[in-house]
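What follows is a set of notes on a single structure, which appears directly below.
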Amino acid sequence: MDSQLKVAVMGAGGRMGRMVVRTVSATEDCGVIGAIEQVGSTLVGQDAGALAGIGDLGVELTTDPIPVIAACDAVIDFTVPSASARHAELAAQAQTAYVIGTTGLHSEQEEALAQAARHTPIVYAPNMSAIVNLLFSLTERVARVLGEDGYDIEIVEMHHRRKIDAPSGTALGLGRAAARGRGIVLDDAAVFSREGHTGVRPTGTIGFATMRGGDVAGDHSIIFAGEGERLELTHRATDLHIFARGAVRAAKWAQGREPALYSMLDVLGLEV
């Protein structure tokens, strides 16, 4: 373990947490040394490896993140916004690299990440997939080239029935990329719902449509609709492993980096 990257997994009993445990354990130069679950969880005390379906790792799920974060090289967090903001503060105190794939953070929680990143490297991304981050880059470039004149932007996403935030963090990331390309702020252009007699579509808006159902890991499309033509860029995820794999890649990349708030674009070396 001394030669390995020592990783702590937040929310280790959840769907993504178990996937992260499996992915870290399958990565040759990484190992899970800590696993955290929320207070009151019936999973506390169980072995993280057994829960992940890979056999006992000798790492039990506990509820106190402080000693775990202090003992590891990197934290990987797919939990909920309030917990992730708190974990970022603890990582900053311990100067431990922190990778967050949690979505649905509000502006104050994102500001907490920015403050924590003054003391430790933090990688924060709405989606950890390499291809999705390439899609962010492509979206910004297309929006910059096409501009507002004659091209409407619509973002469509679908996820499994258990997802609790909407639109997804990835959909919002696509919206922000498109807005950057146009030189505007997403909050000033976003339309999140339509019902009834909405009137003519306002020029320059960025629309969102959200669907939930089944076990869909994540489908996202951004549509640039013009007169007589349209461009559709689509990504479909079929396995959560892609997000866990990206998070582990980010954790390894963050080692030795200067304290700052990074994105997966930084990890992948993608320019926008």
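Rule-based calculations on the coordinates, nothing more; no lab input. What you are looking at is a predicted structure, and each value in this text was computed from that prediction instead of being measured. Reconstructed Cβ throughout: ideal geometry from the backbone, glycine too, with neighbour counts over all protein chains shown.
Evaluating 6.51 cos²θ - 1.76 cosθ + 1.60 at θ = phi - 60° for every residue in the stretch 164-174, the Karplus couplings come out as 9, 10, 8, x, 5, x, 5, 4, 5, x, 5 Hz, glycine and proline recorded as x. Couplings 3J(HN,Hα) for the stretch 250-257, derived from phi with the Karplus relation 6.51 cos²θ - 1.76 cosθ + 1.60 (θ = phi - 60°), are 5, 5, 5, 5, 6, 5, x, 6 Hz, where x marks Gly and Pro. The calculated FRET efficiency for the pair E227 and S137, based on their C-beta separation and a Förster distance of 35 Å, comes to about 0.85. The GNM of the chain, with springs linking C-alpha atoms under 10 angstrom apart, assigns the highest mean-square fluctuation among T79, T210, T96 to T210. Sorting the segments 81-92, 257-268, 5-16 by their mean number of nearby beta carbons within 10 angstrom, highest to lowest, gives 5-16, 81-92, 257-268. Between R201 and R118, full extension at 0.36 nm per residue minus the direct alpha carbon distance yields a gain of 25.7 nm. Based on C-alpha pairs under 8 angstrom that are at least 6 apart in sequence, the chain has a relative contact order of 20 percent.
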